[in-house]
Number of protein chains: 2
Amino acid sequence: MGKLDFSPIADTTRRAEIVALLRRAILTGQLEPGQKLNELRISEQMRVSRAPLREAMRELVQEGILTSIPYAGTFVIDVTAKDIVDAYSLNKVLDDFAIELTWPQRDQRFFDELDRRHEAVKQATRSLDTTRQIEAALQLHGLIYEWADNSVLVETWQRLTSRLQMYFALHQRARNEAVPAEDLHETYVALLKGADMRAAQRCAREHIDDDFEALLAYARGLEERAAKSAERPH
Amino acid sequence: MGKLDFSPIADTTRRAEIVALLRRAILTGQLEPGQKLNELRISEQMRVSRAPLREAMRELVQEGILTSIPYAGTFVIDVTAKDIVDAYSLNKVLDDFAIELTWPQRDQRFFDELDRRHEAVKQATRSLDTTRQIEAALQLHGLIYEWADNSVLVETWQRLTSRLQMYFALHQRARNEAVPAEDLHETYVALLKGADMRAAQRCAREHIDDDFEALLAYARGLEERAAKSAERPH
DNA sequence: GACAAGCAGATTGTCGACAATCCAACAAGA
DNA sequence: TCTTGTTGGATTGTCGACAATCTGCTTGTC
């Protein structure tokens, strides 16, 4: 018996690849909120028939980043200020729980992985690749979920992550400045290594609040503009 | 302008109906955990082509009650003791949060709906229709989520509910006795009407723990049997 | 001019057939 | 006997075509 444990082979169905492609397009903001996804057009661009594309879209609908209206079409979800409030408030609760579960299971491997992801964030920040920066930050944040060893919690986090990533990307795209909060990551990582769980939880909450305020202001701005353009037809 | 607000028209795609049919079959235990869903057989039984059936299955995969392995098939999820532990521990956290959000929004309509659903549980209990009893209990429980006015939280709850309902149905099916806990619902409803939020949260947690213990014992039994039958081939 | 009916055009939903893949049984060789 | 190919059947993945539905425009009527 060899000692190597192989990772599962990659899914090689067109469907899986389409899901990945579409998800990325949505989460990076290449597909804008509210935009309609024309099946024929996309399937031709991808050189794929509509069947696997439609199945992929069904998955993303259930994932919460697309929405489907029968016989009308499938659309990228709209982002309202309330959605952001909802997502962030739930995020805080889940973070608390995830830290609580992870806390007694922290070991050297955890700390190493924590440093690795923190380093990835710093590198992405230096490279000015904002998309990668967002992904890296969420990956860093997600470690406490992966370590919590609760399958349902991880699923929930991933669903939430999709939305958060989309919100960030939109915000990023609108006002083209780098996300700061570098030092906050620093203290967050340090506290996760420390002995005071409550302090770590508090830090996570504050961290979330920071990002949140900026995003919310942006979303409110969006809605005001939308409201105004909706008034015009009257 | 009329004052009537019409409810949305029913989805009239085959896909939506298939989703409903399959979900019901799974959640009531008619389809057992681990069982494979043969596309051709099911599509013939439903008098439907495989396309909408496959799309429906993709949705249920993302909903977390089916699991798909490329070129191998789509299966009802397996239920392990750990899954139940995970689901219930998350449920406790979410309940806390839902009660907190709902608390300041309680009004007469809330209390009326609470009573209505409580009545539905009692009636289902009397009728000895265990499936309906489970559904009614989960509906009663779900009110705090619907009232919390947090869209992401509701989605999360619904995903969790699917699993819980499945676990209950299996348990129910195995040992054919009625679920007791009637009085616990009584106190739960009373506390939700009262002034002490902490007490309501505590009651919810205890309520959950009760159901949980019974289910867990059942699941552990399942796994032991599974382990034994897996040993035999050796 | 306002309004309803009806008619394309485009798009989504569904179907039946074909291609790719897996699995179990069997055969062949060490 | 154990391992390693091979082969046939069954099942999933994908395709192209057809049917159902929606939308915007035109037409006709008042």
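The values are calculated or read from the model by the stated rules, or taken from the named source; none is laboratory data. Being a predicted model, the structure only gives us computed values, none of them experimental. Methodologically, a virtual Cβ is constructed for each residue, glycine included, from the backbone with ideal geometry; neighbour enumeration extends over all protein chains shown. Accessible surface is based on the protein model in full, side chains and every heavy atom, while ligands, DNA and RNA are left aside. Shrake-Rupley method; radii C 1.70, N 1.55, O 1.52, S 1.80 Å.
Tabulated data for the structure shown
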read-out: Peptide A:56-63, shielding by other chains (average Cβ, 10 Å cutoff); value: 5
read-out: Rounded to 10°, Cα long-axis angle of helix A:50-63 versus longest principal axis of chain A; value: 50
read-out: In degrees, nearest ten, helix B:130-147 long axis to first principal axis of chain B (Cα); value: 50
read-out: Solvent-accessible ranking of A:TYR218, A:TYR145, largest area first, probe 1.4 Å; value: A:TYR218, A:TYR145
read-out: Cβ nearest the rotation axis (B onto A), residue from chain B and distance to the nearest whole Å; value: B:GLN62, 2
read-out: Under-23-angstrom lysine pairs by C-alpha in the protein assembly as shown, whenever the two are 8 or more apart or on separate chains; value: 13
read-out: Heavy atoms of B:MET46: accessible area, 1.4 Å probe, square angstrom to 10; value: 50
read-out: Residue mean of other protein chain beta carbons inside 10 Å, A:150-157; value: 6
read-out: For A:GLY73, residues with placed amide H under 5 Å, excluding near neighbours; value: none
read-out: Contact order normalised by residue count of segment A:81-229, Cα under 8 Å, 6+ apart, percent; value: 36
read-out: Chain pair B, A: total accessible area buried, heavy atoms, 1.4 Å probe, Å²; value: 2900
read-out: GNM top mover of B:ALA190, B:ALA51, B:ALA137 - chain B, alpha-carbon springs below 10 Å; value: B:ALA51
read-out: Cα-based Rg of chain B normalised by 2.2 N^0.38 Å, two decimals; value: 1.12
read-out: Gaussian network model of chain B, springs between alpha carbon atoms under 10 Å - residue of B:GLN108, B:GLN139, B:GLN165 with greatest fluctuation; value: B:GLN108
read-out: Relative contact order (%) - segment B:14-76, alpha-carbon pairs under 8 angstrom, separation at least six; value: 43
read-out: B:LYS122 accessible area, 1.4 Å probe, all protein chains in place, Å² to nearest 10; value: 50
read-out: Degrees separating the helix A:14-27 axis from the principal Cα axis of chain A, which is the longest one; value: 80
read-out: Over chain A: helical MRE at 222 nm, DSSP H runs n ≥ 4 each giving -39500 (n - 2.57), nearest 500; value: -24500 deg cm²/dmol
read-out: Among A:GLU224, A:GLU55, A:GLU32: highest mean-square fluctuation, GNM of chain A, C-alpha pairs under 10 Å; value: A:GLU224
read-out: Angstrom value of the Kirkwood radius, inverse mean 1/r, which spans all Cα pairs in segment B:14-76; value: 11.5
read-out: Cβ-placed point charges (K, R +1; D, E -1), dipole of the protein assembly as shown about Cα centre in debye, nearest 20; value: 1660
read-out: Cα gyration tensor, segment B:123-178 - rounded (a/c under 1.5), prolate or oblate; value: oblate
read-out: Accessible surface of A:ARG23 - all protein chains present, 1.4 Å probe, nearest 10 Å²; value: 80
read-out: Extension gain (nm, one decimal) between A:ALA51 and A:ARG173, 0.36 nm per residue minus Cα-Cα; value: 40.7 nm
read-out: Within 10 Å of each Cβ in B:91-104, the average number of Cβ atoms from other chains; value: 2
read-out: Quotient of C-alpha Rg and 2.2 N^0.38 Å, computed over the protein assembly as shown; value: 1.04
